[in-house]
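In what follows, a single structure is set out as structure tokens and then discussed.
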Amino acid sequence: MQRRALFIGINRYEGHGKDLTTPGNDAQALYQLFREYNFDGTLDVYPRIGGPNDDPVAINPNGYVAKAELISYLKQFFSPDAKPDTILLYFSGHADKRPDPDEDWGTGDTSSELCLCSSEDRYAVPLSKLLTLLERSGAREVMVWLDCCHSGKLMSFDNLFQGRKGFFLASSLPNEPSYQGKKDHSILTQALVEGLRHIAQGGKRVTAMNLALDLENRLREQIQTFNFGLLNSNITLFYGSNQSNDWKGPSFNIPLSSRQQVYFDRYLRTVCEDWKWQSVETVDPNPTSSPLPILLSEVYLELPIQESSLVRSAEPLNATLGSPSLFEILVSQGSRHIVLSGELGSGKSTVVRHLCHTLAEACLGESSSNSNALPLGLPVRIALGEIGDRVPEDDKLAVGDLIWQFVKSEFQRRLSSEEDGNELFDSLYGHLRQHGIFIFDGLDEVPDTNLQRRNLIQAVVRFAKELGGQSRVLVTTRPYALKSASGRFSFKGFRLLELGRLDPVRREQFVERWYRAAQRVEHWDDTTREKFEHDLQRALRERACLAELASRPLLLTLITSLHAANARLPEDRAELYKSAVGLLLSRWHRHPSDRGDVLFTPELASALRTGIESIRIGLQKLAFDLHTRQQNDASAHISEMEVYGIFTKALPKKCITAELDDFLNQRAGLLVLDSNGGYDFPHRSFREFLAACHIVDTDKKPHTRLVKLVHENSDWWREVFLLALGRVSQGSMANALAIIETLVPAAPNKVSIPSEQHWSDAVLGGSALVELRIKERFSDYPFASAIVQRISAWLTCLLQEGQLSSRERAEAGDCLGKLGDPRPGVTLDIEGLPDIDWVEIPSGWIVTTESCGNIPAFQIARYPVTVAQYGAFVVAKAYALKEYWSAQGWHWRQYQKRTAPATWEEQINYPNRPVVGISWHEAVAFCNWLSEKRQQTIRLPTEEEWEYVAAGKQGRTYPWDESVEPLGQWANTAESQIGHPSAVGMYPKGATPEGVMELAGNVWEWCGNRYADASKPDEKNRIDTEARGERPVRGGSWWAPAGHSCCAKRKPFRPAAGDPDLGFRLVCDLASSK
């Protein structure tokens, strides 16, 4: 792997700028630091003392740098002929913004842009031409660090490096100067040197992500605005003091005999082979041809991974930095034990497939060109569903032995020999204890009965503790399985991460990669590929319901396959699975003679065509029976005899031969052979859909049966219930609504004492209405309107009374928002303006540890500003109206080219949540806009006003009775285990005596004054929207522990910050409102 890093520091300037003192020191210090920590590549400085072969390299601090020589050196150092994998360019010196005739770059055009200065020419190196040079180098990892004036311009060129890893640092905004520091370095470079050394001396791997986080903390108080950008994934710079740079993971000098080495290689190659294919195959629109599989490596992209709030975490992964890959997280020293959770179809299976394949390839020394994976350790996947029934109820210690027995059986299976597998296992046992990568897959498939799941969790935790320091343990699960009987997360010592949903950028990347892969295997021309890709990308942008489905990787894969198959897209999830099942069943009656992998007689092919409907009905029954059995026995599978029973009814007896075995194992698609010799479905979601179809197709009154099943075990049957409703709605929406009516037969005012089951049914009914898109499709249908009104009444009462757990209330709140939240102060009024529910606060004295004073009477909004309310500002196109913005805010908006808040496309799906990702500039502009519309003085609260409302005259610790700690039930903090902002008003116990809600948790709230320390108490009550400096936020958030939500807690943020837990609340001067 070729890595090249060049550090440029220019002190000397003649005729177009004063000489500098720090750039030479900057470049030399970084060079020496990279050299000290054994950066594995070519390092150089410019201008340098001595010849090209001198070592060590020394910079010439006062060297004269001619434009032509600088350009020539850059072209030579970053030449594509060097075939670099990773490149780093650092520049410290003068930069200027002027038009530049750039004949030296071979274009002869002129452009007005930022230019890096040489000693003789202030317009020597146009930034766009420099970055194009780096782009053409072919490197797959590109880093550019600029410590110069106006360097923020760098961030507008990230589109050049799409599809590659990138790490860009800029010391200032595009129209802002950079400064030399008081020490020997410029401000940014001083922080760089200190940060790099701090991370490395801590023994950590130095990556783009942990460096950016370190810099963000170090540069928070500086007068210039540090900028960074991270594309696609993380980049390793070098290793810390505890790791030499030639560290290649564990040593593979394992004492194996030649025969055992053959076994070892065979094990790894079977892992590679099993996990290298994309699980859903491409299908040619031409039904006469046969599908060919797509390699997972061709379409795989890193899914967003973030810290989960199911456990308290003071340092969540910063969403603005992009997500590291799971492999990179496992490599990091602090992540030996991980639980990765994800909802249905979130991509857990794909992530595990890719990880196993990457690890096995690395162990073989055959890493693909697009992977920089080190051989971290030997991967072993343990399917928890297959050992769940063997977990003893009372002997917890025996579970550890059971895990090792399963590992041994995995070696036996892959080597197709018990004797060979035992021999390889015995020879690798010591190595596995020290360096093994154990992937416990599917905790949610272990029954939560007879303490099986709890005992298994405890055994895995104990197993992980007993392993050596280089081993890794990963557990995958759906979120609901993470709670033990006490309701608290029980993987002590594990880092809990979760897979996020696909954002629009990742969706577009996947579709592009998928169609390029499909073009190769299906032999499409460019025109065909471009048409399919363009049509699907447009549909995903324009159809909100489809975009919501496509945020789940599994469903996006199916959508893409179906789009290629018949150029149409499903309207909802049930139709999507129906089409996907039909697509996979259709493969059974295509003649595969052109594949060469499966040959079967014309009799079997003909019988499959005529018996396909019988097979579908049989599969639906198998799915229902299996789902019923696995509710209490996770290892249950479909026996060979059960499968033969389907085909016995569908096919002539002469076709039931060994030929059918080969057909099922290699061709079927909807049934896969598991490690126990039985059959299962390729994904649990297929099983759930087919089970739902069985209920709908065979039961004359599915209403009663579906409700009975969800009452028996809501977690287990929930998806079946929702998919069954979708299936019924395809024939009759009235029948689907009748099922919901059976679930929720009466309004809340008709039930004297609602039970927990009533509330749970209401939440499920709300989810069902949302999934059916009832408001979008049948808003004028009287029966539908009545059901919506009934469910909405239940959900409103549920929030107002604080029923069920926090997570269940959060789901109820989201459903209510999508159905139409009727509560005052949450959405818009009849004029389409924000409906603010004002609470009058009487005047009084406030006494804090820092100040005291009289607060005049004012009004404050009951809730933070919601997405629906902020949407009125966006729809009014107020982002483009300068009169609402402060001078700094308008400059920021123009630079950012904002027309809506961050992640707005995702936020609009949750109208009654607080709007987040809001900078202080946006909050002020909203206040000015609403003030004009309402003819009132509406603004952000001062800190004193905010604290006066939250703490009251009594000086409460929390907005409620100070004797009660939050513990997740009084506010949406990390302890609530929700993991995102929640609908406003769902914590009635957390209200102040005046009825103001959400002052603790949910979102940090901007205040209007400047942030000041205790020595300047007057600043806490003075509004100045044009003053520079940080602004305070108060109240804590869903991402922060409960201690951050106390009334006195305050934090400083830059006005441009737009974190995913930043929102705001309004106040109104009482005189203006009257």
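The values are calculated or read from the model by the stated rules, or taken from the named source; none is laboratory data. Here the structure is a predicted model, which is why all the values come from computation and not from measurement. As a convention, Cβ positions derive from the backbone with ideal geometry for all residues, glycine included, and neighbour counts pool all protein chains shown.
Given the condition in a helix (DSSP H, G or I), in contact with a Gly (Cβ under 9 Å, 6 or more places away or on another chain) and surrounded by 16 or more Cβ atoms within 10 Å (Cβ to Cβ), answer yes or no: does some residue in the stretch 903-919 qualify? Walk me through it before giving the result.
Here is the first cut: in the stretch 903-919, the residues in a helix (DSSP H, G or I) are 904-907.
From the residues that got through so far, the ones that are in contact with a Gly (Cβ under 9 Å, 6 or more places away or on another chain) too are 904, 907.
Those left that are additionally surrounded by 16 or more Cβ atoms within 10 Å (Cβ to Cβ): 904, 907.
For the stretch 903-919, residues in a helix (DSSP H, G or I), in contact with a Gly (Cβ under 9 Å, 6 or more places away or on another chain) and surrounded by 16 or more Cβ atoms within 10 Å (Cβ to Cβ): present.
Does at least one position in the stretch 846-863 carry a residue that is surrounded by 20 or more Cβ atoms within 10 Å (Cβ to Cβ), under 29 Å from the mean Cα position of the chain (by Cα) and over 30 Å from PRO174 (Cα atoms)?
Within the stretch 846-863, one or more residues are surrounded by 20 or more Cβ atoms within 10 Å (Cβ to Cβ), under 29 Å from the mean Cα position of the chain (by Cα) and over 30 Å from PRO174 (Cα atoms).
Which residue, of VAL839, VAL847, is out of contact with any helix residue (DSSP H, G or I) (no Cβ under 7 Å at 6 or more places or on another chain) and modelled with pLDDT under 90? So that I can check it myself, show each step before the final result.
Working: VAL839 fails: modelled with pLDDT under 90.
Sole residue among the options that is out of contact with any helix residue (DSSP H, G or I) (no Cβ under 7 Å at 6 or more places or on another chain) and modelled with pLDDT under 90: VAL847.
For GLN869, work out the one condition from (1) under 19 Å from ILE1023 (Cα atoms); (2) assigned to a helix (DSSP H, G or I) it doesn't fulfil.
Every condition holds for GLN869 apart from (1).
Specify the residue that is farthest from the chain's Cα centre (by Cα); the eligible residues are those in the stretch 976-989 that are modelled with pLDDT under 95 and either in a loop (DSSP other than H, G, I, E, B) or buried (at least 24 other Cβ atoms within 10 Å of the Cβ) (or both).
This residue is SER976.
Could you figure out which of (1) crowded, with 22+ Cβ neighbours inside 10 Å; (2) assigned by TED's automatic domain parsing to the domain that holds GLU1005; (3) touching a residue at least 60 places away in the same chain (Cβ under 8 Å) isn't true of VAL826?
(2)
Could you list, in sequence order, the residues of the stretch 791-813 that are part of a helix (DSSP H, G or I) and in contact with a Phe, Trp or Tyr (Cβ under 6 Å, 6 or more places away or on another chain)? Even if it seems obvious, please write down each step before you answer.
First, pick out the residues of the stretch 791-813 that are part of a helix (DSSP H, G or I): 791-801, 806-813.
Across the stretch 791-813, the qualifying residue is only LEU798.
Can you confirm whether GLY995 is out of contact with any Lys or Arg (no Cβ under 8 Å at 6 or more places or on another chain), touching a residue at least 12 places away in the same chain (Cβ under 8 Å), in a loop (DSSP other than H, G, I, E, B) and surrounded by fewer than 24 Cβ atoms within 10 Å (Cβ to Cβ)?
Values: out of contact with any Lys or Arg (no Cβ under 8 Å at 6 or more places or on another chain): no; touching a residue at least 12 places away in the same chain (Cβ under 8 Å): yes; in a loop (DSSP other than H, G, I, E, B): yes; surrounded by fewer than 24 Cβ atoms within 10 Å (Cβ to Cβ): yes.
Answer is no for this residue.
Residues being charged (D, E, K, R), in a helix (DSSP H, G or I) and within 20 Å of LEU772 (Cβ to Cβ): count how many of those fall in the stretch 514-563.
Qualifying residue count, the stretch 514-563: 1.
Residue pairs, Cβ under 7 Å, 6 or more apart or interchain, first in the stretch 772-801 and small (Gly, Ala, Ser), second part of a helix (DSSP H, G or I). List them.
ALA784/LEU737; ALA784/ILE774; ALA784/PHE778; SER792/LEU816; SER792/LEU819; ALA793/PRO748
Return the total of residues in the stretch 945-974 being in contact with a helix residue (DSSP H, G or I) (Cβ under 6 Å, 6 or more places away or on another chain), surrounded by 24 or more Cβ atoms within 10 Å (Cβ to Cβ) and either modelled with pLDDT under 85 or farther than 13 Å from ARG809 by Cα (or both).
Matching residues across the stretch 945-974 total 3.
Taking VAL788, is it within 19 Å of VAL984 (Cβ to Cβ) and outside the structural domain of ALA1012 (by TED's automatic domain parsing)? Lay out the reasoning, then the answer.
Values: within 19 Å of VAL984 (Cβ to Cβ): no; outside the structural domain of ALA1012 (by TED's automatic domain parsing): yes.
Answer is no for this residue.
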